[in-house]
1. Return yes when B:G252 is part of a helix (DSSP H, G or I), without any contact (Cβ under 8 Å) to a residue 60 or more places away in the chain and out of contact with any Lys or Arg (no Cβ under 6 Å at 6 or more places or on another chain) and no when it is not.
2. Output the qualifying pairs, or none if there are none: Cβ atoms under 9 angstrom, residues six or more apart or on different chains, first residue in region B:122-142 and closer than 17 Å to A:T290 by Cα, second residue charged (D, E, K, R).
3. Just the residues that are acidic (D, E) and under 18 Å from the mean Cα position of the chain (by Cα), please, taken from region A:218-272.
4. What are the residues in region B:219-265 that are hydroxyl-bearing (S, T, Y), open to solvent by less than 20 Å² (accessible area, probe 1.4 Å) and either over 16 Å from the mean Cα position of the chain (by Cα) or within 11 Å of chain A (Cβ to nearest Cβ) (or both), if any?
5. Of the numbered conditions (1) touching a residue at least 60 places away in the same chain (Cβ under 8 Å); (2) on the phi > 0 side of the Ramachandran plot, B:G107 fails exactly one; give the number of that condition.
6. Quick one: is A:R210 over 21 Å from the mean Cα position of the chain (by Cα), among the basic types (K, R) and within 19 Å of A:S143 (Cα to Cα)?
7. Answer yes or no: is there a residue in region B:78-100 that is basic (K, R) and either under 30 Å from A:T20 (Cβ atoms) or in contact with a His (Cβ under 9 Å, 6 or more places away or on another chain) (or both).
8. Inspect region A:183-192 for any residue being within 14 Å of another protein chain (Cβ to nearest Cβ) and at positive phi and give the result as yes or no.
Amino acid sequence: MLIYISKRLLLMVPLIFGITLITFIVIHLAPGGPVEVQTEMSLKTSAQARENLKRLYGLDKPVHIQYLEWLKRFAMLDFGKSFVDGRRVTDKILERVPITLIINVLSLLLILLIAIPLGVISATRQYSVFDKVSTVFVFVGYSTPTFWLALLLMLLFGVYWGVLPISGFESIDVSGMNRLERLMDWGRHLILPVGVSAFGGIAGISRYTRSSMLEVIKQDYIRTARAKGLPESEVIMRHAFRNALMPIVTILGLSIPGLIGGGVIFETIFAIPGMGQLFYSSTMSRDYPTIMGVLVIGAVLTLIGNLVADISYALIDPRIRVRDKG
Amino acid sequence: MRLSAVTGRRFLKNRLAASGLAAVAVLIAVSALAPFIAPYEPTAIDIANVLSPPSAAHPLGTDELGRDVLSRMIWGGRVSLKVGFVAVGIAIFIGMLIGSVAGFYGGRTDAALMRFVDIMLAFPTFFLILAVIAILEPSIFTIMAVIGVTSWMDVARLVRAEFLTLKERDFVLAAKASGAGDKRVIFRHILPNALSPVFVAATFGVAGAILVESGLSFLGLGVQPPNPSWGNILTAGKDNIEVAWWLSLYPGLAILITVLSYNLVGEGLRDALDPRLWEAGSE
């Protein structure tokens, strides 16, 4: 198992290099490089600031040296200072990461809690009314623009019924609350964003669960389990479901970049101060150091998510466990 | 030929897929005929009728500048379809090129190209798209290019997988034996046989590209006002959410129906092209 994990970690190294390289190239696509665009955007930029920027990017040096120097600073998690408020990009990102992580973990949980039972029931009753209804739901869910869903929910819960807050992470008077009230307040603010963020995932994952279950149910060992007289619930839960779960773990890992990226839209709509919203505002103000930082951190978080998925896959798949022991 | 006839019949038998195809046809027709169908100019400002709810004169109401929402949606559909098709065209081109080269040559070329695919997949797509648009000016051409350049990875993987099995087949060996060069073997012999999964991916791709375009336009980074798009009408919906529900409802419904139709066609196409499902059917 340890060998497997360290192998996986080693494989991540070239990927991280690639991610930094692409980020670097993307930023240098800008005609005249980042400094030109920045100074062109805000006329207030003084000659002094221009010099600072040039030094920051080392633009007087050849491109490959620039990249290596940027990489060296990146290794120490130093992305430079934000163009907007002069704060360290690392600080700006780090204070946003927990909020984005909370929302993503909650939506992953919600996806699992709803999508997996939905998929399993659909598969065990293939072509039943339940299966057909959930198939329609899956298609609609897959095709719904999340930002539109967010708008509709804001319209219903916020404007017409007025039962849920539609913007922000906490109420203005949060400082006057005790711990329980504060938790309730966060919960109320998080219901809509987490629901919207999970929605598309529920559709996708329940579909995968369904087809994965259908595949497993056809196997010989399921027939054997039934033949030896096990109750159907036992066959489904112990024999079929545990095997069907494995591809789902991988799919969950693969859905992480979508969740993080989707944050741009719903965090912006609900005014939640997470990484997505930071990325959106830095895009709008062309805050290059922050854009580069979030891009790299977002991709690295994705890699970590995939790694966790692979490790859990190995943990539940005896074939990988056993192969590594031998 | 017979194969495509079978596929066509199987596709049309699937009621969901057939209705998806009908909806797609209607959407394309409406977009093509936009100048004749739209009751008003999509950019005609009417200060006397600002934010008026749906009525006989304006079936879907007007926006914050008194522009007719129905007309803007008809013209906006044109934009979405254009972006969808061009972006997917770009993605398919890049994906086929990288997938065929990786699958055909194998070895180090394959390993390097697939690592590149992994790297591209590690970026949250929306982050990458936004970063590029932040640098270039947002416009309809930028989004087409950016969506295309960031969504070819699935196609590359599919084409590579097809190549891995096809390149061992007899007809490829025969072509090689008769002295055909690599280019000819790849593009004339293998690629035409690897196209089915590409068609399916392309159909889903159009749906995805339309979703991304509307999202970008909603954020103000896609189609720029006064040009209409479903996404930027929804931005007006958000800004006027307390007073004008119609601005939030209808354009989203249009996106949902369009994307749903393409997804249904894609799903139907996949089932129709899957030989494993042929015996299972009534044929």
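1. Details: part of a helix (DSSP H, G or I): yes; without any contact (Cβ under 8 Å) to a residue 60 or more places away in the chain: yes; out of contact with any Lys or Arg (no Cβ under 6 Å at 6 or more places or on another chain): yes.
So B:G252 passes the test.
2. B:A134/A:R286; B:A134/A:D287; B:I135/A:R286
3. Passing the criteria: only A:E267.
4. Within region B:219-265, B:S248, B:T258, B:S261, B:Y262 qualify.
5. In the conditions (1) touching a residue at least 60 places away in the same chain (Cβ under 8 Å); (2) on the phi > 0 side of the Ramachandran plot, B:G107 misses (1) alone.
6. Judged against the criteria, A:R210 is a match.
7. Our first condition is that a residue be basic (K, R); within region B:78-100, this holds for B:78, B:82.
Now drop any that are not either under 30 Å from A:T20 (Cβ atoms) or in contact with a His (Cβ under 9 Å, 6 or more places away or on another chain) (or both), which leaves none.
So far as region B:78-100 goes, no, none of its residues is basic (K, R) and either under 30 Å from A:T20 (Cβ atoms) or in contact with a His (Cβ under 9 Å, 6 or more places away or on another chain) (or both).
8. no
The values are calculated or read from the model by the stated rules, or taken from the named source; none is laboratory data. These numbers were taken from a predicted model, which means no experiment stands behind them. Cβ sites come from the backbone with ideal geometry, for glycine too, and all protein chains shown count toward neighbours. The accessibility values were calculated without ligands, DNA or RNA, using every heavy atom of the protein model including side chains. Shrake-Rupley method; radii C 1.70, N 1.55, O 1.52, S 1.80 Å.
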